[in-house]
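Here the structure comes first, spelled out in structure tokens, and everything after it is commentary.
Values quoted throughout were computed directly from the atomic coordinates according to the rules given, and no laboratory measurement underlies them. Because the structure is predicted, anything quoted here is derived from the model rather than measured. Reconstructed Cβ throughout: ideal geometry from the backbone, glycine too, with neighbour counts over all protein chains shown.
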Amino acid sequence: MSSHRHDDHDHDHNAPDTGPTLRVKALETLLVEKGLVDPAALDALVDTYEHKVGPRNGARVVARAWVDAGFRARLLADAVAAIEEIGLAAGPQGEHLTVLENTPAVHNMVVCTLCSCYPWPVLGLPPVWYKSAAYRSRAVIDPRGVLREFGFELPAGVELRVWDSSAELRYMVLPMRPAGTEHLAEDELAALVTRDSMIGTALVTYPAGAAARPVK
Ligand code: FE
């Protein structure tokens, strides 16, 4: 495994849900009482990552890459500069974003084996399963089995690459554009793109919600 620095967030994913939550609340109360933190600023930060920044940003990036080959090339070469082109700022947990392109021959899947490193500016906050010990270990030990549980069978001939995120390197998958979408506008394409498809645990389907077709 590559060098892995994880000093920027909580590592305590195996503790019962109530423990860390209670500690965070106690800590927040203490910081507010001592005047070290403005609760409104804290609320604004949480609101930003829960509601304003989320996988819809990543979906916009994907749709643009599907319709604009020049943007796609720039995105794969320098994701941080490319997302700024469409008005997204790299910001916290996005400074070292790399975009991995799925093709008929290669399927990419992202994990953080040590904790929960994730590209916040394009995908928002990570889903609970992404932080689970089960996903973090099984994505490496049996990635095809994990994909099967997410609903699709990756054909044996397709190479599966599993990427381990860290504080220095955060990944987003550029999923394949589904067949039959040639007539769709960019915003209609963006609406098809799911969060999981940008983690690599799902394919983009058309119509949205259709059974995932295997990567051919
Ligand atoms: Fe991590």
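Over region 95-216, all Cα pairs binned in 10 Å intervals from 0 give whole-percent P(r) values of 13, 46, 34, 7, 0, listed from short to long. Looking at the chain alone, DSSP beta bridges between its own residues are antiparallel in about 0 percent of cases.
For the pair residue 186 and residue 74, the difference between a 0.36 nm per residue extended length and the Cα-Cα distance amounts to 38.5 nm.
Each Lys or Arg adds one and each Asp or Glu subtracts one; over the other residues with Cβ under 13 Å from the Cβ of residue 68, this totals +3. Please flag any cysteine in the chain that has no other cysteine's Cβ under 4.7 angstrom from its own Cβ. Those would be 115, since no other cysteine Cβ in the chain comes under 4.7 Å of theirs. Restricting the calculation to Cα atoms, the chain yields a radius of gyration followed by a Dmax of 18.2, 59 Å. Once you reduce region 169-200 and region 90-154 to the center of their Cα atoms, the two points are 15 Å from each other.
With contacts taken as Cα pairs under 8 Å at a separation of at least 6 residues, the chain carries a relative contact order of 25 percent.
The per residue volume of the convex hull around the alpha-carbon atoms of region 15-142 is 131 Å³.
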